[in-house]
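Visitor: Have a look at this one before I ask anything.
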Amino acid sequence: MKGNAIFCGLFAGAGFLIWGTLIGRTEDMEPGQASGFSAVEYYPASQQIRVRTSGADGTQVGNKYLVTQFKLEWFAPDGHLEWVATAPECLMDQVNEVASSPSHLILQTGDGKMRVDGDGFLWRQKESSLTISNHLVQVTESSLAKTGTAETTAPKKSKP
């Protein structure tokens, strides 16, 4: 991808992956739908969650699921929340362990002091990588305590 792109290689490394099944409330629902589900990946030889993927609703579309209220959460080995990514919807491909969408994504630190917004993303579960492709804006809280406003930084447009 060229132009405004950000690549976040978060928590690269091996882990125990539980991505294959959408876990959630499915009673009284049509076949191929899930509600209130999540999937987790654990740190090796630990019961500590490393990455949690969740959504409000999922509708099966071929081998994929169209997920609403998509959320990715990354945790440190001690259990505290490090990063959260949210999007209104995405397409989850369980076979290839990826999620993608042209929709708006917000990636922020667990303490909310830094945020990156952008349009379009690709989450690669196997590599623990997130690519945000367009219209990136970074918001930091460095001056928030003193001025009551946050600093906003938009990348310069690249020349074709």
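Visitor: When region 65-85 is examined, which residues are found to be closer than 24 Å to Tyr42 by Cβ and not hydrophobic (A, V, I, L, M, F, W, C)?
Guide: We begin by selecting, within region 65-85, every residue closer than 24 Å to Tyr42 by Cβ; these are 65, 67, 69-85.
Those that are closer than 24 Å to Tyr42 by Cβ and not hydrophobic (A, V, I, L, M, F, W, C): Tyr65, Gln69, Lys71, Glu73, Pro77, Asp78, Gly79, His80, Glu82.
Visitor: Would you tally the residues in region 81-117 being loosely packed, with under 15 Cβ neighbours inside 10 Å and more than 18 Å from Ser128 (Cα to Cα)?
Guide: Final tally of qualifying residues: 6.
Visitor: Search region 118-132 for residues that are surrounded by 21 or more Cβ atoms within 10 Å (Cβ to Cβ) and pair each with any residue that is not in a strand (DSSP E or B) when their beta-carbon atoms are under 8 Å apart and the residues are at least 6 apart or on different chains.
Guide: Gly118/Asn4; Gln125/Glu97; Leu130/Leu10; Ile132/Ala5
Visitor: Of the numbered conditions (1) modelled with pLDDT of 55 or more; (2) farther than 25 Å from Gly120 by Cβ; (3) touching a Pro at 6+ places or on another chain (Cβ under 9 Å), Pro44 fails exactly one; give the number of that condition.
Guide: Of the numbered conditions (1) modelled with pLDDT of 55 or more; (2) farther than 25 Å from Gly120 by Cβ; (3) touching a Pro at 6+ places or on another chain (Cβ under 9 Å), the odd one out for Pro44 is (3).
Visitor: Would you mind stating whether Asp111 is assigned to a loop (DSSP other than H, G, I, E, B) and not aliphatic (A, V, I, L, M)? Working first, answer last.
Guide: Values: assigned to a loop (DSSP other than H, G, I, E, B): yes; not aliphatic (A, V, I, L, M): yes.
Yes.
The values are calculated or read from the model by the stated rules, or taken from the named source; none is laboratory data. It should be emphasised that the depicted structure is a prediction, and the values quoted were computed from it without experimental measurement. Using ideal geometry, Cβ is built from the backbone for each residue, glycine included, and neighbour counts are taken over all protein chains shown.
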